[in-house]
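What follows is a short report on a single structure.
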Amino acid sequence: MNNRCFKVILIPDPNGKVRELRVPLFWSTLVLFLLAVSAVALAWIVADYAMMKPKIPLIAQLEEKNERQKLELIQMSQNVISVVHELDELRAIHARLRDDEVDIETLLDDVRRAADLLAFCRDRLDSVGERLEQVLADFDED
């Protein structure tokens, strides 16, 4: 086994004593292999960074646009939720109108309120639809 070792001679210490270190061939080969693999991995990381560096501003721009679209979608969903609540009120008005014991003054108020709610719901749904089409068009462009 001694012939399968590298001799490493260390610089003499202040006392003038020379030290010799024997490193088995296996360990020296393993260290060289690990150094080579590390160099390849580092080169791969550097090349990947060099390829991605020009795209960093675009990525930041896309993240900003994504955040803006997310806020728009949240606002649209809140509009839809408010329309759902208004539709529930319209259903309640409809149920009262179908009742046989409807008061004339209540009937007039309910009809006015129903007309207002229908106009409100149409406007909200139209605006949500337009904004949704715009967001989807922006998404298709990217």
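The values are calculated or read from the model by the stated rules, or taken from the named source; none is laboratory data. Being a predicted model, the structure only gives us computed values, none of them experimental. All Cβ positions, glycine included, derive from the backbone under ideal geometry; neighbour counts span all protein chains shown.
For segment 68-120, a residue qualifies if it is within 30 Å of PHE139 (Cα to Cα), surrounded by 12 or more Cβ atoms within 10 Å (Cβ to Cβ) and either touching a Phe, Trp or Tyr at 6+ places or on another chain (Cβ under 9 Å) or small (Gly, Ala, Ser) (or both), and the qualifying residues are GLN69, SER82, VAL83. In segment 15-31, the residues that are modelled with pLDDT of 80 or more reach residues that are exposed (fewer than 11 other Cβ atoms within 10 Å of the Cβ) and assigned to a helix (DSSP H, G or I) with C-beta atoms within less than 9 angstrom, at least six apart or across chains, in these pairs: ARG22/ASN2; PRO24/ARG4; LEU25/ARG4; PHE26/ARG4. The requirement of being out of contact with any Lys or Arg (no Cβ under 7 Å at 6 or more places or on another chain), part of a helix (DSSP H, G or I), free of Cβ contacts under 8 Å to residues at least 60 places away in the same chain and over 30 Å from GLU133 (Cβ atoms) is fulfilled nowhere in segment 65-86; no residue meets it.
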